[in-house]
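Structure record follows, encoded as structure tokens.
The values are calculated or read from the model by the stated rules, or taken from the named source; none is laboratory data. Here the structure is a predicted model, which means the values were calculated and not measured. Here the Cβ positions follow ideal geometry from the backbone for every residue, glycine too, while neighbour counts run over all protein chains shown. Quick note on the areas: whole protein, heavy atoms, side chains included, nothing else; ligands and nucleic acids left out. Shrake-Rupley method; radii C 1.70, N 1.55, O 1.52, S 1.80 Å.
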Amino acid sequence: MSKKWKMFSIAGVVLALMIAVVISDTAISGGPAPVPNPPSPERQKVYDEITAAFGFVPGFFKTIPDISLAHEWNALKTVQMAPGAIPNKYRELIGLAVASVRGCDYCTYFHTEFARLNGATDAELEDAVHFAKSNAGWSTYLAGIQYDYNQFKKDVDDICNHVRTTQAAGK
């Protein structure tokens, strides 16, 4: 697995865990876990960073336990928001595609709005979701018929070689 895909996988896991914490705390307790008033100095430091970035502390951050808050914030700001090898607009479009396939309303909304924030157009949003639908369909089909993986890799390599040859010939 390439570094890019590892980073992408980690981002998805981090966001999924953050959402799971919010959902489980809300579902189990009937609402977000109470935050001590006033928050601990460590928690307040993280809240100050979040406020500087977002203008306020979103409610879902308030549900994260003290022991995890700094880690979750650092993961979100470095993996999801900091510049990387893939420009943020395209990372958010990838996030939208994955969220759409997973059927996660929270992630779909988050990545749609952050993609727009990073300059994505409605056409780009639709294209990302359509690509995800197509990809998920092929994945389902190939896995379902249990197509031979080694043959699949050979087929893809042959396709790529043909396209490279065609491109080199200027066709």
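Coupling constants for the stretch 118-129 follow from the phi torsions by the Karplus curve (6.51 cos²θ - 1.76 cosθ + 1.60, θ = phi - 60°), and in residue order they are 9, x, 6, 8, 4, 5, 5, 4, 5, 4, 4, 5 Hz; glycine and proline get x.
Using the eigenvalues of the Cα gyration tensor, what equivalent ellipsoid semi-axes result for the stretch 72-117 when each is taken as the square root of five times the eigenvalue, whole Å, largest first?
On the way: eigenvalues 59, 30, 16 Å².
They are 17, 12, 9 Å, listed from largest to smallest.
Here the convex hull built on the C-alpha positions of the stretch 37-101 has a volume of 108 cubic angstrom per residue.
Could you pull out the pairs from 89/171; 62/89; 133/153 whose alpha carbons sit more than 29 Å apart here? Exceeds cut-off: 89/171.
Whenever you get a sec, compute what percent of the accessible area on the stretch 73-165 sits on carbon and sulfur atoms (1.4 Å probe). Percent of accessible area from carbon and sulfur atoms in the stretch 73-165: 60.
Looking at the stretch 41-171, the accessible area is 66 square angstrom per residue; that uses a 1.4 Å probe and ignores ligands, DNA and RNA. Counting Cα-Cα pairs of the stretch 76-171 in 5 Å increments starting at 0 gives whole-percent bin shares of 2, 12, 16, 16, 13, 14, 15, 9, 2, 0. Peptide packing: for 71-81, 144-154, the average count of neighbouring Cβ atoms within 10 Å per residue gives the ranking 71-81, 144-154, highest mean first.
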